Number of protein chains: 2
Amino acid sequence: MNVTVPIKIEPLKVACSSCNLRELCLPVGLNSNDLDQLDELVATRRHVVRGDTLFRSGDVFQSIYAVRTGFFKTCVSSEDGRDQVTGFQMAGELLGLDGISTDRHSCDAVALEDSQVCVIPFEQLEELSREFTDLQRQFHKIMSREIVRDHGVMLLLGSMRAEERLAAFLLNLTQRLQARGFSAAALVLRMTREEIGSYLGLKLETVSRTFSKFQEEGLLEVKQRHLRILDQAGLQKLVNNTNC
Amino acid sequence: MNVTVPIKIEPLKVACSSCNLRELCLPVGLNSNDLDQLDELVATRRHVVRGDTLFRSGDVFQSIYAVRTGFFKTCVSSEDGRDQVTGFQMAGELLGLDGISTDRHSCDAVALEDSQVCVIPFEQLEELSREFTDLQRQFHKIMSREIVRDHGVMLLLGSMRAEERLAAFLLNLTQRLQARGFSAAALVLRMTREEIGSYLGLKLETVSRTFSKFQEEGLLEVKQRHLRILDQAGLQKLVNNTNC
DNA sequence: CGGAGGCTTGACGGCTGTCAAGGCTAGTGG
DNA sequence: CCACTAGCCTTGACAGCCGTCAAGCCTCCG
């Protein structure tokens, strides 16, 4: 292993305009002219090996990142060492929007498997979005979507019980995987029980117990990180019905 | 009472450039030229009486709003009627950013007292921000700040106990009031125990009990919605120390 | 093959939710 | 001006969900 080059940067091989994620990522809805411009902007890619951070809280903010392959978590920490996973990001999703506010990142982004991200220099993105209305609009939509997503997580954390939280989490995960062409039924979790628990405001034991309960009830098949959804409607019902 | 005009709209009397909130609101950091442009943009004001909504989930999104006077809450609801307060907004803070993502609002904004908001037509704001770099940057910072704030709420909801949540909430509130020139020691809550509870992921009884506990411990003086902070450091300690 | 990290499961306790009763306050109408 | 009422708040008793602690198992990888 070559430890002298911890961060591997390479010229981009796949342009946005021909990227198979373009319908999920920043380029959504852009015309071919805008896309050509975006290709110019997104010139580098960065590899992050499993366990490494893409950025840390406190790092100077310069770029946002689009996940090209792999899987990330973002987490915030309070001064006293409390830790909260704020999201899991998969291919086509953006990382680093938190950094715009103070020019420094306010959370850590950690790769949960070997990953590649497209580096989008923020100042140039702003410049380009002053020129291209559609790009501007798309970027604003993505930021707004993140806000809406966060509100959904607040709803989950503020008003759901453990089973409901885990069911909502699994449905969200499978839905996003499905949008990327994966099966909605079988999946491999990239994160530990503890990370799921942190995201859902639960302890890892509760996550584990709830998985077991779902299995007993025939909703899931659980084998460590390998899951099979047996009864999607049953999970959905858990999320929708408060109690009955 | 004239019920034929439920929404009162009037020409803006105070321009952004001379608004006493300009250091807290969208105009932060703009030069006088940008400010003049912003004055053109923000041409109307809207009154919302206590209990009325500024917008509702599902409403078509056209404008964002800056609170000029008064106090709002925003809340999301799930299909099954679950309800979650996602924030409280006071003078100088923006409302409606959630609507950008789908061109429809995804939460309700309710006035908790008679309020006025400045109406900022979003399409025109985007247009203007294509022209003025500082305005663009400022708007992006505000959206990003909302994301960072949401992450803080997730941390609170995901990892804090009732006392810690309420202490954090009170400190946040007093800090924002102080930034607006109010005393950091005495305040009047604009929201009910139930709304506080919803925001903090607690039941109203727990909020009430925790208030009483803080009072017994000499941290607060509580008389219904009238609060006096007696020991700010003590509250801060509650937030910082997990247990001891 | 051995160890470390991750996962499962049990026992138990405490925090917070639930249900209920009663008090307070502000706003309304007589 | 004052009584009334509705909404809000407080407090108690009790229960249950989930956290804590502990022990042991599994799996992956060196």
Has the stretch B:125-132 got at least one residue that is among the hydroxyl-bearing types (Ser, Thr, Tyr), part of a helix (DSSP H, G or I) and open to solvent by 50 Å² or more (accessible area, probe 1.4 Å)? no
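Rundown of residues vs (1) of a type in the set (S, T, N, Q); (2) within 12 Å of DNA strand D (Cβ to nearest atom); (3) farther than 30 Å from residue A:108 by Cβ, yes/no style:
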residue: A:196; (1), (2), (3): no, yes, no
residue: A:210; (1), (2), (3): yes, yes, no
residue: A:215; (1), (2), (3): yes, no, yes
residue: A:222; (1), (2), (3): no, yes, no
residue: A:231; (1), (2), (3): no, no, yes
Which residue, of B:171, B:128, B:166, B:135, is more than 16 Å from DNA strand D (Cβ to nearest atom) and not assigned by TED's automatic domain parsing to the domain that holds residue B:84? B:171
Quick one: how many residues across the stretch B:175-208 are near DNA strand C (Cβ under 10 Å from one of its atoms), closer than 16 Å to residue B:235 by Cα and open to solvent by 60 Å² or more (accessible area, probe 1.4 Å)? 0
Members of the stretch B:135-174 found to be of a type in the set (Lys, Arg), open to solvent by less than 40 Å² (accessible area, probe 1.4 Å) and more than 9 Å from every other protein chain (Cβ to nearest Cβ), listed by number: B:165
Just to check your reading of the model, which residue among B:45, B:68 is more than 17 Å from residue A:146 (Cα to Cα), touching a residue at least 12 places away in the same chain (Cβ under 8 Å), among the basic types (Lys, Arg) and touching a Pro at 6+ places or on another chain (Cβ under 9 Å)? B:45
Kindly evaluate residue A:39 against the criterion of being within 14 Å of chain B (Cβ to nearest Cβ) and surrounded by 15 or more Cβ atoms within 10 Å (Cβ to Cβ). no
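The values are calculated or read from the model by the stated rules, or taken from the named source; none is laboratory data. This structure is a prediction, so every number in the text was calculated from the model and none was measured. Cβ: placed from backbone, ideal geometry, glycine included. Neighbour counts: every protein chain shown. The area values use the complete protein model at the heavy-atom level, side chains included, leaving out ligands, DNA and RNA. Shrake-Rupley method; radii C 1.70, N 1.55, O 1.52, S 1.80 Å.
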